[in-house]
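To keep things clear, I will list the structure first and then write my remarks on it.
Just so you know, all these numbers are worked out from the coordinates, no wet-lab data involved. Predicted, not measured: the structure shown is a model, and the values here were computed from it. Every residue, glycine among them, receives a Cβ derived from its backbone with ideal geometry; neighbour counts consider all protein chains shown.
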Amino acid sequence: MTDSGALRRVIGPGTLALIFANGTIGAGIFALPGLVAASLGSATALGYAICAVLVVLIFLCFAEVGSRVHDSGGAYVYVERAFGPFAGFIAANLMWFGVGACVDAALADVLVSTLATAVPTLAQPVPRALTLIALFAFMAGVNIIGVKTGARLVVVLTVLKLLPLLLLLVVGIPHITLSHVIPSSMPDASTLGRGVLLLMFAFIGGESSLSTSGELRNPSRTVPLGLLMGVATVVGVYFGLQLVGEGVLGADLPLQTITPLAATAEKLLGPWGRTLLLGAVSLSIFALVNGDLLLSPRCLYASAKDGLLPAPLAKVHPRFQTPYVAILVFAAIACALAVLGAFKPLAILGTSSVLLVDVAVCLAVLRLRQRGVQTADSPFVIPGGPLVPILGAAACVWVLSNLSRDELLGLSALVFFSGGLYLRILRARQMTARRNAARAS
């Protein structure tokens, strides 16, 4: 196997929190307030409260396993340590391909389509493909130069992405009409479940933030602190924007299911406010995809390091000390998928993949505790014994039970393909071992 080298531990709690926020707060937040209002009416606060509890349960589990296992690879490494290489390999494919490449490709397609509204030439096949290639090449180069450079760009883009949203909060809060945000009725259980399901999709994405576990300073402290800071940031921003949207637009908010925040900004700030928020959509997508190019290639790197993927993917650049081959391969795959432009199936596969990974990570907490897996440092331990991991896994299963037939079929296909690929790799390694043994004898 190729020597993987040593990755630098340079990421602290604040940077991890911003990476988490960047991975979660994507383009969906700009449409979320109107969609949630259309689903839950005036009872959106209850939906946010339930969703916030579910998200905290899930990421408390990520915090504990991340403080016990410090290697790069995130969920792949956690699941592999808990349930073995077969389950870990499936989790790795779900993360880097389903959650990573497919979602990045879908978002990049949306980004170029958004830019094409201003530059119509980009809607043509060749200019569109060239733009996507240039976009992924630039982001791959930034992340190859160094994890610190890539992380800094993620921080800068996340801050720039959040500024228009925070401006909308500051300007909008004084203009909230209380009668618009006080619930006039409560939805039934079925309606509430659909609303929470919608919100859960909006909170998905932060799981990839721990793919850089091997590059975190003092992981036992950085992981729980960074994740909880990130969750608090996301919940606060989402809830605040919902209140501003409802308080300013009132009954018009459910009608704004495409650009509700842009409509809110236009009412508060005039036409330039709408332009600012629409520009933030493009920046948000770029920041999200660039951030994932920092994270998802670590799954390829970790799988190759364990001998489950071709050895060159485990190479670390001699100067920059980053997994440059994994970054280049991942960027090429995501770019190819984006050029194909199959947005809907890519988005479906990404959404269902992350939910199954969350189930596995929640259950991994119990397994790692049972086996006593930890480093020399004392791990973060969730209070309440097995309660939080069990509740977190149950919440994920509940969300999965509400997926459409197409989503479940797409997820099953990826899982079975990953399992078959692993068995083929294992068989090839066994045959190689037998041949080597025969030669030696």
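With θ taken as phi - 60° and the Karplus curve 6.51 cos²θ - 1.76 cosθ + 1.60 applied, the whole-hertz 3J(HN,Hα) list for region 199-204 is 5, 4, 4, 5, 8, 6 Hz, x standing for glycine and proline. Sort Ile19, Ile333 so the one with the fewest other Cβ atoms within 10 Å of its own Cβ comes first. In increasing order of surrounding Cβ atoms, one gets Ile333, Ile19.
If the chain linking Arg434 and Lys267 were pulled fully straight, counting 0.36 nm for each residue of separation and taking away their Cα-Cα distance, it would gain 52.9 nm. From helices alone, the chain scores -24000 deg cm²/dmol at 222 nm; the rule is -39500 (n - 2.57) for each run of n ≥ 4 DSSP H residues, then divide by the residue total.
Normalised by the number of residues in region 158-307, what is the relative contact order in percent for Cα pairs under 8 Å and 6+ residues apart? Relative CO of region 158-307 lands at 40 percent.
Classify region 246-319 as rounded, prolate or oblate, taking a ≥ b ≥ c as the square roots of the eigenvalues of its Cα gyration tensor: rounded when a/c is under 1.5, otherwise prolate if a/b is larger than b/c and oblate if not. Verdict is prolate for region 246-319.
Computed extension length for Val53-Ser401: 123.4 nm, one decimal, from 0.36 nm per residue of separation with the Cα-Cα distance subtracted. Ranked by how many other Cβ atoms sit within 10 Å of their own Cβ, fewest first, the residues Met200, Met186 fall in the order Met186, Met200. Distance between the pseudo-spin-label points of Thr191 and Ile133 (7 Å out from Cα toward the beta carbon): 5.2 nm.
Toward the positive end of the charge dipole of region 251-359, with +1 on the Cβ of Lys and Arg and -1 on the Cβ of Asp and Glu, the farthest Cα among Ala347, Leu308, Pro260 is that of Leu308. Rank Gly34, Ala91, Ala17 by how far each Cα sits towards the positive end of the charge dipole of the chain (+1 on Lys, Arg Cβ; -1 on Asp, Glu Cβ) and give me just the farthest. Farthest towards the positive pole: Ala91. Once both labels are positioned 7 Å from their Cα atoms along Cα-to-Cβ, the gap between Ile145 and Leu366 label points is 4.7 nm.
Panel order for Tyr238, Tyr301, Tyr422, by other beta carbons found within 10 Å of each beta carbon, from fewest to most: Tyr422, Tyr238, Tyr301. Along its principal axes, region 181-317 has C-alpha extents of 57, 39, 28 angstrom, given from the largest down. Panel note: the C-alpha atoms of the chain, placed on their principal axes, show extents of 83, 55, 41 Å (largest first). Note on Val159 and Leu178: the extension gain reaches 3.9 nm, defined as 0.36 nm multiplied by sequence separation minus the Cα-Cα distance.
This model, with +1 at the C-beta of Lys and Arg and -1 at the C-beta of Asp and Glu, gives the chain a dipole about its Cα centre of some 1500 debye. Give the shape of region 306-404 as rounded, prolate or oblate, defined through the alpha-carbon gyration tensor: a ≥ b ≥ c are the square roots of its eigenvalues, a/c under 1.5 means rounded, and otherwise the shape is prolate if a/b is larger than b/c and oblate if not. Verdict is oblate for region 306-404.
The lysine pair tally for the chain, using Cα distances under 21 Å and a gap of 8 or more places or different chains, is 4.
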